[in-house]
Amino acid sequence: MDLGIAGRRAAVAAGSAGLGLGSAKALAAEGCRVAVCGRDRARLDAAVAEIGGDAVGLVCDVGRAAGGAEFVAAATEALGGIDVLVTNAGGPPAGTFASTAVEAYPAALELNLLSVVAMCKAAVDPMREQGWGRVVAITSVAVRQPIPNLILSNTARAGATGFLKTLAREVAADGVTVNSVQPGLHRTDRVLSLYGADTRDVPMGEADDFGAIVAFLCSDQAKFLTGAQIHVDGGTYQALL
């Protein structure tokens, strides 16, 4: 199926590995011009080669709000504008309520909430002006079903989801959609570092398959889908609603 996004300009945060890389590859396969960022130049160059086409790699740390804004500005310059924004970042350290100090929360909020806000602040108004845009945020199934020992991630990503849902309503009439995709366990470096290869009864997904869902949310066919939180988790989330 032709998603109708060939020639669109896509900025994918933290796209040098994992779900960000899977998303960038899927968008490039649909004909998008893609800019990705990462903190390590060698890893970034390898990712750009894997994405192919005329992908652009930008060294930037989106773990901070300022870094998120810098990435959008750099991607806008490199691509001549942004039609698609995929927000993404690594996760904060593991921990429980008992083991996590209050002082650890601001950094987690910066990483998984404020960086999302900053990227949207920089990218969404130009999308509104041109009358077309797609924002897809990679969050976590923890927003629906908190994951034990990840209290910082559970907290910050829930805040990001509230922000994104609010933003979606405010820009819906301007041709801009805002959705989030909530991964469960996928074969990424972070998941393997937290859980190893043993995920028991829950299947482990592949980053490329996840990326295909992100690409569809950016399509012309998805123009009336906004404000949604879609869990792509192999059945991890078990509630009825």
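All of the numbers you see were taken from the coordinates with simple rules; none came from a lab. Being a predicted model, the structure only gives us computed values, none of them experimental. Cβ placement follows ideal geometry from the backbone for every residue including glycine, while neighbour counts extend to all protein chains displayed.
Return a whole-number percent for the relative contact order of the chain, with Cα pairs under 8 Å and 6 or more residues apart as the contact set. Once divided by the residue count of the chain, the mean separation gives 22 percent. From the list [x] 41, 38, 37; [y] 55, 37, 34; [z] 47, 39, 37, can you say which value of Cα extents along the principal axes in Å was derived from the structure given? Evaluating Cα extents along the principal axes in Å on these atoms matches [z].
Of the beta bridges in the chain, as assigned by DSSP with both residues counted there, near 0 percent are antiparallel. Using the Karplus relation 6.51 cos²θ - 1.76 cosθ + 1.60 with θ = phi - 60°, the per-residue 3J(HN,Hα) values for the stretch 150-163 come to 10, 5, 5, 5, 4, 6, 5, 6, 5, x, 4, 5, x, 4 Hz, with x marking Gly and Pro. With the highest mean first, a sort of the peptides 164-171, 51-58, 83-90 on other beta-carbon atoms found within 10 angstrom per residue produces 83-90, 51-58, 164-171. Computed over neighbours whose Cβ is under 14 Å from that of Arg144, the net charge equals +1, Lys and Arg +1, Asp and Glu -1.
Here the sum of -39500 (n - 2.57) over DSSP H runs of 4 or more residues, divided by the residues of the chain, equals -12500 deg cm²/dmol at 222 nm, to the nearest 500.
The residues packed around Ala118, meaning those with a beta-carbon under 14 Å from its beta-carbon, carry a net charge of -2 if Lys and Arg are +1 and Asp and Glu are -1. Here is the list for the stretch 90-170: chymotrypsin sites (Phe, Trp or Tyr not before Pro) lying in DSSP coil, each with at most 14 other C-beta atoms within 10 angstrom of its C-beta, are Phe97.
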